[in-house]
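The values are calculated or read from the model by the stated rules, or taken from the named source; none is laboratory data. Here the structure is a predicted model, which means the values were calculated and not measured. Neighbour counts are summed over all protein chains in view; Cβ atoms, including those assigned to glycine, are modelled from backbone coordinates with ideal geometry. Heads up: the accessible areas ignore ligands, DNA and RNA and are worked out on the full protein's heavy atoms, side chains in. Shrake-Rupley method; radii C 1.70, N 1.55, O 1.52, S 1.80 Å.
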Amino acid sequence: MAKRFTETLYNTYGQSYVIDEVLFENRTEHQHLIIFKNDQFGHVMALDGIVQTTEKDEFVYHEMLAHVPMFAHGNVKNVLIIGGGDGGILREVLKHSSVEKVTMVEIDQAVVDMGIQYFPNHSAGAFDDPRFNLVIQDGVDFILNNEEKFDVIISDSTDPEGPGEVLFTSRFYQGCKNSLTENGILATQNGVCFMQLDEVKTTYNRFKKLFTDRWFFTAAVPTYIGGMMTLSWGCDNLELRQLPLETIQQRFDAANFTTRYYNPAIHVAAFALPQYVVNALSD
Ligand code: AG3
């Protein structure tokens, strides 16, 4: 029997991959990291038993988590990425020519190093961009001591277990809120709504106390199993989430770069949530 990697995110259900070859496996200072090769998904990275990214489907998540807030904002100059060590979000953020500065705060240097080595197309040279600056630090420590303002903050975290847990707390969200410019947007990885609905509810209730507009947008990422992923949205400008398709289309055309999942129609549609999620948010 071929050796397999079985994800441990859910107790009674999960996904498993045939491991063609283990490329790297180690306990880093912060978590267990494995990178292996799978015939279907290419290189796969898992942290503490949970799949984080694969070569084959990473574009879905990275494009959506970066471009939805960025095109909604329309003139993003300063961006903060929390987590995101593999560089996929960074690559997408830097496609916007309005961007002058990007700071990425990643807790685990090993994720950055192994990302560059085994997922070179995730960062695609983005770490060498002169606009980029890397901070190896816990995201909460960073945000609570930060005085800079960002137009968009993206939290590309793990699930709320292990080192990622603090990135789902009110303390962290409050710190993000304080670090946003007036029309600033906070967007975070918030789990798969069908499987992790409590996480969606909890974040919504925390955002309610902080943001005039709080909602979620979705992306169907094959390796985040169980349906679509919910990405959170927190902003004080009610208009930015409701911009007409024409406005987003104009901005996208002007940006003049290509995407594989994101497009203006998907952008607008992504804010439509299934009724069971809407109900969960109104309880
Ligand atoms: N971080 C989000 C992984 C979420 C997995 N969770 C899940 N399947 N519920 C990905 C990091 C990629 N840059």
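Counting charges near Val18 (Lys, Arg +1; Asp, Glu -1) among other residues having Cβ under 10 Å from its Cβ returns a value of +1. Surface analysis of region 16-162 yields an accessible area of 36 Å² per residue, using protein heavy atoms and a 1.4 Å probe. Quick one: with all protein chains in place, what share of the accessible area of the chain is carbon or sulfur, to the nearest percent (1.4 Å probe)? About 48 percent, which is the carbon plus sulfur part of the accessible surface. Extension gain for Gln250 to Asp129 (0.36 nm times residue separation, less C-alpha to C-alpha distance): 40.9 nm.
The listed peptides 57-70, 257-270, 192-205, ordered by packing as a protection proxy, come out as 57-70, 192-205, 257-270 (highest mean of other Cβ atoms within 10 Å first). For region 173-238 and region 84-142, write down the distance between their C-alpha centroids in whole Å. Cα centroid to Cα centroid, the span is 21 Å. Using the Cβ-Cβ distance between Ala220 and Asn121 with R0 set to 22 Å, the FRET efficiency from 1/(1 + (r/R0)^6) comes to roughly 0.60. How much of the DSSP bridge set in the chain is antiparallel, in percent, rounded to the nearest 5? Given both bridge residues lie in the chain, the antiparallel proportion sits at roughly 60 percent.
Highest average first, the peptides 127-137, 85-95 ordered by how many other beta carbon atoms sit within 10 Å of their residues are 85-95, 127-137. Projecting the Cα atoms of Phe252, Gly88, Thr54 onto the dipole axis of the chain, where Lys and Arg carry +1 and Asp and Glu carry -1 at the beta carbon, places Phe252 farthest toward the positive end. In this simple spin-label model, placing a label point 7 Å from the Cα along the Cα-to-Cβ direction at both Glu161 and Gln242 gives a separation of 3.9 nm. Diffusion of the chain by Stokes-Einstein, at 10 °C in a medium of 1.306 mPa s and with Rh set to the Kirkwood radius over alpha-carbon pairs, works out to 84 µm²/s. Rounded to the nearest 20, the size of the Cβ-charge dipole of the chain about its Cα centre is 600 debye, with Lys and Arg at +1 and Asp and Glu at -1. Our summary gives region 181-263 a relative contact order of 33 percent, counting only alpha carbon pairs under 8 angstrom and 6 or more residues apart.
When shorter helices are ignored and each DSSP H run of at least 4 residues is given -39500 (n - 2.57), the per-residue value for the chain at 222 nm works out to -8500 deg cm²/dmol.
Within the P(r) computed for region 5-129, what percentage of the Cα pairs occupies the region above 21 Å? For region 5-129, the share of Cα pairs beyond 21 Å comes to 41 percent. The peptide list 241-254, 30-43, put in order of mean Cβ contacts within 10 Å with the highest first, becomes 30-43, 241-254.
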